[in-house]
Amino acid sequence: MARFTPQMFDTMDYGVTSFFASLMICLVIFVYFLLPETNGFPLEAMDRLFSRSLPAREPHKIVLAELRMDDEQFRRERTSAAKVDEPGYVIGENHVEKV
C-alpha cells in the first residue's frame, strides 16, 4: 500500500490544485446555467421543473406561469360556487349573506 510522504506533496506542485479549481469553475457554470431555482416551488411542481421537455434555460419561467394560471383558475372556481361557511351564512362571489 502506498503511503503519502512529504516528498510526494512537494513533487505535486500546483497541478492538483489547478485541476480541482478548474473542475469547480466548470461546476459553477453548470449549476448557474443548467439547474433551475427551486425556491418557492411546491413539491408537486418539481417533476415538471426538471422535465427534459422544457428548454434548459427557461423552465423557471414556464413552470411559474403554469402555477399562476392554475392558481387563478382555482380561485375563480372557488369564488364562483356559493359556499356555506357557517350555519346561516352563504359566501358568494363578492359578498357574504346571512340567510
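The numbers here are math on the coordinates, done by the rules we state, and not lab data. These numbers were taken from a predicted model, which means no experiment stands behind them. Positions of Cβ are generated from backbone atoms using ideal geometry, with glycine treated the same way; all protein chains shown enter the neighbour counts.
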FRET efficiency, 1/(1 + (r/R0)^6) with R0 22 Å, evaluated for residue 62 and residue 28 via beta carbons:
0.35
Farthest toward positive dipole pole in the range 1-61 [+1 Lys/Arg, -1 Asp/Glu at C-beta], among 50, 18, 28
50
Taking θ = phi - 60°, what integer Hz values does the Karplus form 6.51 cos²θ - 1.76 cosθ + 1.60 yield along the range 12-20, in sequence order, with x for Gly and Pro?
6, 6, 9, x, 5, 5, 5, 4, 5
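So, with +1 on the Cβ of K and R and -1 on the Cβ of D and E, and no other charges, what is the size of the charge dipole of the range 41-81 about its Cα centre, to the nearest 20 debye?
120
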Subtracting the Cα-Cα distance of residue 52 and residue 21 from 0.36 nm times their residue separation yields 8.2 nm
